[in-house]
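Worksheet: the structure to be examined is printed underneath.
The values are calculated or read from the model by the stated rules, or taken from the named source; none is laboratory data. Quantities reported herein were computed from a predicted structural model and do not represent experimental measurements. Backbone-built Cβ (ideal geometry, glycine too); neighbour counts: all protein chains shown.
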Protein chains: 2
Amino acid sequence: MNRNYQSFKKQARELTELRSILSTLTWDQETMIPTLGSSIRAGQLSTLAAVCHKRLTSPEMKEALEQLSEEPTLSLWQQTSVKEMQRQYDKAVKIPETLISELAKTTSLAYQAWVTARNDSNFSTFFPWLKKVVELKREEARCLQSSESLYEALLDEYEPKVTEFELDTLFESIRPKLSALLDRIQSSKQIPENSLAGDFPIHQQKIFGEKILTAMGFKWDAGRLDSSPHPFCTGLSPLDVRITTRYDEQDFSSSLFGIIHEGGHALYEQGLDLEHYGLPACEAISLGIHESQSRLWENQVARSRPFWEYWLPHLQKYFPQQLQGISLENFMHAINKVKASFIRVEADEITYGLHIILRYEIEKMLIGGDLEVEDIENVWNQKTHEYLGITPSCPSEGVLQDTHWSQGLIGYFPTYLLGTVYASQIFHSAQESIPELSEHIRAGRLYPLKEWLQKKIHQHGKTLSASELIQEISDETLTNQYFLNYLENKFSEIYDLKL
Amino acid sequence: MNRNYQSFKKQARELTELRSILSTLTWDQETMIPTLGSSIRAGQLSTLAAVCHKRLTSPEMKEALEQLSEEPTLSLWQQTSVKEMQRQYDKAVKIPETLISELAKTTSLAYQAWVTARNDSNFSTFFPWLKKVVELKREEARCLQSSESLYEALLDEYEPKVTEFELDTLFESIRPKLSALLDRIQSSKQIPENSLAGDFPIHQQKIFGEKILTAMGFKWDAGRLDSSPHPFCTGLSPLDVRITTRYDEQDFSSSLFGIIHEGGHALYEQGLDLEHYGLPACEAISLGIHESQSRLWENQVARSRPFWEYWLPHLQKYFPQQLQGISLENFMHAINKVKASFIRVEADEITYGLHIILRYEIEKMLIGGDLEVEDIENVWNQKTHEYLGITPSCPSEGVLQDTHWSQGLIGYFPTYLLGTVYASQIFHSAQESIPELSEHIRAGRLYPLKEWLQKKIHQHGKTLSASELIQEISDETLTNQYFLNYLENKFSEIYDLKL
């Protein structure tokens, strides 16, 4: 085979390995590291990240990419890999090393300041740090900018090729519909609070979660489940995918939906085509498509009636006292309760989108220079009131609740809602392709869906873009229609809404 | 401060960080990795090891070392660090890269062949691999050789500065004494087998082990305890020291002495002077001195009567049914039972040394060219009969029992016995320095000993050599006297021996 490509492939493979090591260290830091160990870990991470950056921007990489840029004999996987590496290379050389290290240092300190500020619910101590982060991210965006929109340059890191205009159009079409649906629900019959309250031993929660993961097709010889303060999934390779959840003894649903959500991510990582492991093409398409997999399993599957027709009796065996006599009807109400609330990660399927749109609008203005950091708390509170009808009483239930901005993750939030919209369209296609899908789920068979997702999405890596994938799967472009229909149908039934 | 030294220090720190990452990956592989993940991990380890090797042998490192070699203003820590890095540099550049990669590849395959061969107890399938490993290690030794003895060049990797002559003298003086003591014990009254048999839930074993580690002064905010097929300790930094043990439900003593042994190693790693972390001087002196710390805690402390006067009642609380009514006398007999047996890792304090001497003699002959690999099984069996009075009935209880040679660890075994001899001399000095040491141990106070070891040994890193350390602590050179006296006194009492 082409010798230039061989050299490229070796470099790519080693870069993948080094990045996987970075992920392993991060996983370890979230799950295993003793308290004091973190201070040394930070230095390790930054030293290894510098090794990765040097490899990506090396003269050897430059040469390999130049030689392959017009190579006609490459396969689709090879072409995609060269293009993706070129994209990463171009970004990496555009940002000066001083800015990279400044960002690393600032976000590390800003994160610590955020932890303290949130605990104290005091925005003023975090404010100067956020200001500095926003300045540096604007500088980064100016280095990367390739369209009129500065914000788009950051967005591209998480959701390549999506434009600000597309997101604006999508989100603006969704927002009033969500608000209207929320209003209708809030004026309908109310579901009692806490009908699932009880005492749920963590060990039992874990075993039941493992049972569901197994049914989803999670491969235990290629993955593991642990606990951490914030649930996450990390794919160290298709043969080593690790997810976490957090356990609350008073609420089994928090760990369980965490496990199913991260399990959806994990199936994507385990489903990548091992044959191409190490190539840039052998990775998930985008954060949005990744999120579509977690949302689809969490919401479309695991908050549906067919799913619990099968699983509720099993769950009751694990918690016989706690869930004695609860009906499927009441259970469905409890896990699908809609109520305007302050905290994004606790939000239901309807208000979740409103939380995201609020963040999207604010971060877009911050990067675009249309909002000063000093005004952010006011705007946050006003928008919360406008979209959700409630006003945060303190910053920890408002502007300070999420860690993302402190870590420099700006342009990340919209992928959550985009993923949710993708999920509806993808699930609709799955239902069309597998007419008996509901019957499968009702019988506890989750495998057909997993196989379909792997065949249609996971195994292709980046050889399709997000929009190509959606087109390929559903035979049309992305639309809000399936998402809105799904919510309308589901919650009309649960809340007995009149049209 | 000296600018050359600053450049050296930065390079050294980063090399330490990268090596610590390698150790983290190895720890993860032994404790956490899902089964299939290992195949990818091997590539990561080799890619990162190559990064480390390149850093160690880089032109920048060469220049820094040259500039500092005659720098007069360095402190003891700085001098020691420069010398130690120079030692590593010299070794690394002497071995051709082809040999390094050949060794890595061969030992990886030889290890797999060893696993199979041991399971099948069939030396012939491992034989060609061992032959290849020995050839490559002889080649490595020829590259590194700096004295008449080829073997010494390998030994130097694990126990710098010790000569083959010194080991020969020490071990030859010990061997007949151990054999004689073994004979006397085997002709004395016998202790019943299995007086500690029972069913010991792993969870309880773990909690009791943690309790003892805590009493030893193990810092939980700077370390952790897990389980793995083979117990080990890895110091990722003084603030992150991880030990493992393995649990046997039928035998609590296997996990417990594993925990205490590895705990001894861990206290060394946690006791290094954090101020100098990242410097080559801020590491343990040698494998032998490291082993002295684990042996001292395992044997001199945790197999002693004062220790169990305090801990036996606690142990009985954890296993009330299983250990009901066992007397201190019987317990001491059970944990100190002496009997010639085949497996080194299950050997008592007397026969352990004989197991090591046998391996030392064989590997010395292999590297020196005085023994062919084809004759190794015969020699093993003959020596086992000569030293222990028993003959292995199959290779898995003889020549195939240890993994070391398959992994290229030749020159490693003698550090186990050397460490055991160091331990006796060090513990004797501790008793002289802390006259009430037995009283402390009898009262459950292990902290004074830990503090003494940290002050005398741990905090100094490599600023003393092994022989300087022994001289400093005991005011004399290494001698077999304390080791032999310790065994004589201890086992005369337990077995009621006549002189």
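Are any of the residues in the range B:60-81 among the acidic types (Asp, Glu), closer than 28 Å to residue A:55 by Cβ, within 14 Å of chain A (Cβ to nearest Cβ) and over 27 Å from the mean Cα position of the chain (by Cα)? Yes; the residues of the range B:60-81 include at least one that is among the acidic types (Asp, Glu), closer than 28 Å to residue A:55 by Cβ, within 14 Å of chain A (Cβ to nearest Cβ) and over 27 Å from the mean Cα position of the chain (by Cα).
Scan the range B:185-192 and tell me whether some residue there is within 22 Å of the chain's Cα centre (by Cα) and either of a type in the set (Gly, Ala, Ser) or within 14 Å of another protein chain (Cβ to nearest Cβ) (or both). Give the derivation first.
Within the range B:185-192, the first condition is being within 22 Å of the chain's Cα centre (by Cα), and the residues that meet it are none.
Looking through the range B:185-192, none of the residues is within 22 Å of the chain's Cα centre (by Cα) and either of a type in the set (Gly, Ala, Ser) or within 14 Å of another protein chain (Cβ to nearest Cβ) (or both).
Against the condition assigned to a loop (DSSP other than H, G, I, E, B), touching a Leu at 6+ places or on another chain (Cβ under 8 Å), of a type in the set (Val, Ile, Thr) and under 25 Å from residue A:162 (Cβ atoms), how does residue A:426 come out, does it pass? First the steps, then the outcome.
Working: assigned to a loop (DSSP other than H, G, I, E, B): no; touching a Leu at 6+ places or on another chain (Cβ under 8 Å): yes; of a type in the set (Val, Ile, Thr): yes; under 25 Å from residue A:162 (Cβ atoms): yes.
Spelling it out, it is not the case that residue A:426 is assigned to a loop (DSSP other than H, G, I, E, B), touching a Leu at 6+ places or on another chain (Cβ under 8 Å), of a type in the set (Val, Ile, Thr) and under 25 Å from residue A:162 (Cβ atoms).
Answer yes or no as to whether residue A:105 is surrounded by fewer than 14 Cβ atoms within 10 Å (Cβ to Cβ), under 24 Å from residue A:45 (Cβ atoms) and among the basic types (Lys, Arg). Judged against the criteria, residue A:105 is a match. Does any residue of the range B:194-211 turn out to be under 21 Å from the mean Cα position of the chain (by Cα), more than 14 Å from every other protein chain (Cβ to nearest Cβ) and at pLDDT 95 or above? Yes; the residues of the range B:194-211 include at least one that is under 21 Å from the mean Cα position of the chain (by Cα), more than 14 Å from every other protein chain (Cβ to nearest Cβ) and at pLDDT 95 or above.
Any residue that is over 30 Å from residue A:8 (Cβ atoms) and free of Cβ contacts under 8 Å to residues at least 12 places away in the same chain - is there at least one of those in the range A:280-293? So far as the range A:280-293 goes, no, none of its residues is over 30 Å from residue A:8 (Cβ atoms) and free of Cβ contacts under 8 Å to residues at least 12 places away in the same chain. Residues in the range A:226-256 that are among the hydrophobic types (A, V, I, L, M, F, W, C) and touching a strand residue (DSSP E or B) at 6+ places or on another chain (Cβ under 9 Å) were compared, and the one that is farthest from residue A:215 (Cα to Cα) is A:236.
Give the residue, chosen from A:293, A:321, A:300, A:316, that is assigned by TED's automatic domain parsing to the domain that holds residue A:457, polar (S, T, N, Q) and within 15 Å of the chain's Cα centre (by Cα).
None of the others qualify; the one that does is A:293.
Selection of the range A:248-279 for residues being of a type in the set (A, V, I, L, M, F, W, C) and in a loop (DSSP other than H, G, I, E, B) yields A:272, A:279.
Please pick out the residue among B:344, B:305 that is under 24 Å from the mean Cα position of the chain (by Cα) and surrounded by fewer than 19 Cβ atoms within 10 Å (Cβ to Cβ). Show your work before the answer.
Numbers: B:305 fails: under 24 Å from the mean Cα position of the chain (by Cα).
After applying the criteria, what remains is B:344.
With respect to being β-branched (Val, Ile, Thr), in the same structural domain as residue B:302 (by TED's automatic domain parsing) and modelled with pLDDT under 95, residue B:403 fits the description. Given the criteria farther than 23 Å from residue A:478 by Cβ, of a type in the set (Gly, Ala, Ser) and within 17 Å of the chain's Cα centre (by Cα), does residue A:228 qualify? Yes; evaluated as a whole, the condition is true for this residue.
Has the range B:33-56 got at least one residue that is touching a residue at least 40 places away in the same chain (Cβ under 8 Å) and more than 27 Å from the chain's Cα centre (by Cα)?
Within the range B:33-56, the first condition is being touching a residue at least 40 places away in the same chain (Cβ under 8 Å), and the residues that meet it are B:42, B:46, B:49, B:53, B:55-56.
Now drop any that are not more than 27 Å from the chain's Cα centre (by Cα), which leaves B:55.
Yes; the residues of the range B:33-56 include at least one that is touching a residue at least 40 places away in the same chain (Cβ under 8 Å) and more than 27 Å from the chain's Cα centre (by Cα).
Residue B:214 meets all of the listed conditions (1) farther than 22 Å from residue B:22 by Cα; (2) surrounded by fewer than 20 Cβ atoms within 10 Å (Cβ to Cβ); (3) more than 22 Å from the chain's Cα centre (by Cα) but one, namely (3).
Is it true that residue A:17 is facing chain B (nearest Cβ under 9 Å) and in contact (Cβ under 8 Å) with a residue 40 or more places away in the chain? Walk me through it before giving the result.
Working: facing chain B (nearest Cβ under 9 Å): yes; in contact (Cβ under 8 Å) with a residue 40 or more places away in the chain: yes.
Yes.
Restricting B:254, B:237, B:228 to those that are within 14 Å of another protein chain (Cβ to nearest Cβ) and at pLDDT below 95 reduces the list to B:228.
Based on this model, can you work out whether residue A:161 counts as within 21 Å of residue A:416 (Cα to Cα), surrounded by 20 or more Cβ atoms within 10 Å (Cβ to Cβ) and basic (Lys, Arg)? Outline the logic, then answer.
Values: within 21 Å of residue A:416 (Cα to Cα): yes; surrounded by 20 or more Cβ atoms within 10 Å (Cβ to Cβ): no; basic (Lys, Arg): yes.
In short, no.
Scanning the range B:346-370 for residues that are free of Cβ contacts under 8 Å to residues at least 40 places away in the same chain and within 20 Å of residue B:487 (Cβ to Cβ) returns B:346, B:347, B:348, B:355, B:358.
Here is a yes/no grid of residues against (1) modelled with pLDDT of 95 or more; (2) within 30 Å of residue A:361 (Cα to Cα); (3) in the same structural domain as residue A:299 (by TED's automatic domain parsing); (4) part of a helix (DSSP H, G or I):
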{"position": "A:419", "(1), (2), (3), (4)": "yes, yes, yes, yes"}
{"position": "A:445", "(1), (2), (3), (4)": "yes, no, yes, no"}
{"position": "A:459", "(1), (2), (3), (4)": "yes, no, yes, yes"}
{"position": "A:464", "(1), (2), (3), (4)": "yes, yes, yes, no"}
{"position": "A:477", "(1), (2), (3), (4)": "yes, yes, yes, no"}
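Being more than 24 Å from residue B:57 (Cβ to Cβ), of a type in the set (A, V, I, L, M), in contact (Cβ under 8 Å) with a residue 40 or more places away in the chain and in a helix (DSSP H, G or I), is that true of even one residue in the range B:136-148? Among the residues of the range B:136-148, not one is more than 24 Å from residue B:57 (Cβ to Cβ), of a type in the set (A, V, I, L, M), in contact (Cβ under 8 Å) with a residue 40 or more places away in the chain and in a helix (DSSP H, G or I), which makes the answer no.
Quick check: anything in the range A:233-245 surrounded by 14 or more Cβ atoms within 10 Å (Cβ to Cβ), of a type in the set (S, T, N, Q) and touching a Gly at 6+ places or on another chain (Cβ under 6 Å)? It would help to see each step written out before you state the result.
Initial filter on the range A:233-245 (surrounded by 14 or more Cβ atoms within 10 Å (Cβ to Cβ)): A:233-245.
Those still in the list that are of a type in the set (S, T, N, Q) too: A:234, A:237, A:244-245.
If we keep only those that are touching a Gly at 6+ places or on another chain (Cβ under 6 Å) as well, we get A:245.
Yes, there is a match, as at least one residue in the range A:233-245 is surrounded by 14 or more Cβ atoms within 10 Å (Cβ to Cβ), of a type in the set (S, T, N, Q) and touching a Gly at 6+ places or on another chain (Cβ under 6 Å).
Filter the range B:27-54 down to residues that are β-branched (Val, Ile, Thr) and under 23 Å from residue A:269 (Cα atoms) and give me whichever is farthest from the other protein chains (Cβ to nearest Cβ). Outline the logic, then answer.
So the first thing to find is which residues in the range B:27-54 are β-branched (Val, Ile, Thr), and the list is B:31, B:33, B:35, B:40, B:47, B:51.
Now drop any that are not under 23 Å from residue A:269 (Cα atoms), which leaves B:31, B:33, B:35, B:40, B:47.
Numbers: B:31: 9, B:33: 6, B:35: 4, B:40: 4, B:47: 5 Å.
Ranking the candidates gives B:31 first.
Here are some conditions: (1) more than 14 Å from chain B (Cβ to nearest Cβ); (2) in contact with a Leu (Cβ under 7 Å, 6 or more places away or on another chain); (3) under 30 Å from residue B:28 (Cα atoms). Residue A:105 meets all but one. Which one does it not meet? So the condition that residue A:105 fails would be (2). Residues considered: B:32, B:85. Of these, the only one that is more than 30 Å from residue A:243 (Cβ to Cβ) and modelled with pLDDT of 95 or more is B:85.
How many residues, within the range B:121-135, are small (Gly, Ala, Ser), in a helix (DSSP H, G or I) and touching a residue at least 12 places away in the same chain (Cβ under 8 Å)? Break it down into steps so the answer makes sense when it comes.
Initially, the range B:121-135 is screened for residues small (Gly, Ala, Ser), giving B:121, B:124.
With in a helix (DSSP H, G or I) added as a condition, the list becomes B:124.
Those still in the list that are touching a residue at least 12 places away in the same chain (Cβ under 8 Å) too: none.
Of the residues in that region, 0 qualify.
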